[in-house]
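Here's the structure, in structure tokens; my notes come after.
The values are calculated or read from the model by the stated rules, or taken from the named source; none is laboratory data. What you are looking at is a predicted structure, and each value in this text was computed from that prediction instead of being measured. Methodologically, a virtual Cβ is constructed for each residue, glycine included, from the backbone with ideal geometry; neighbour enumeration extends over all protein chains shown. The protein model used for the area step is the full one, side chains on, heavy atoms only, and it has no ligands, DNA or RNA in it. Shrake-Rupley method; radii C 1.70, N 1.55, O 1.52, S 1.80 Å.
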Amino acid sequence: ERVHTKQQGNDPALWWDKYIKDPEFRLNQEIEAYRVQFLFYKRRVKGWMPFLKKIALDLSGSIYGNIISYNKAFHEIYQN
């Protein structure tokens, strides 16, 4: 959530308006946030693959309007 707060800058209302109306913007914002979340987890947990799979499934799911495939979400989050 810190990532989203930072993304919103000084105009959260404008950010939310764009987030809701623009699927590509929403996807880019979520990829950035999920990457940070994954890297945080990966630094602390050895068996991180199930977590990566779960968040890729979340990102590719209906909660975000199915805006990305699971495979693409997985690869976008897991950037070495």
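Per-structure values
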quantity: Every residue from segment 57-77 that is among the hydroxyl-bearing types (Ser, Thr, Tyr) and either modelled with pLDDT of 95 or more or over 10 Å from the mean Cα position of the chain (by Cα) (or both); calculated: Ser60, Ser62, Ser69, Tyr70
quantity: Enumeration of residues in segment 1-14 that are open to solvent by less than 50 Å² (accessible area, probe 1.4 Å), part of a helix (DSSP H, G or I) and over 23 Å from Ser60 (Cβ atoms); calculated: Gln8
quantity: Single match in Ile67, Ile31, Ile55 (criterion: without any contact (Cβ under 8 Å) to a residue 60 or more places away in the chain and touching a Lys or Arg at 6+ places or on another chain (Cβ under 8 Å)); calculated: Ile67
quantity: Residue that is least open to solvent (accessible area, probe 1.4 Å) [pool: residues in segment 22-43 that are within 17 Å of Ile77 (Cα to Cα) and among the charged types (D, E, K, R)]; calculated: Glu30
quantity: Set Tyr19, Tyr70, Tyr64: member being touching a helix residue (DSSP H, G or I) at 6+ places or on another chain (Cβ under 8 Å) and open to solvent by 60 Å² or more (accessible area, probe 1.4 Å); calculated: Tyr70
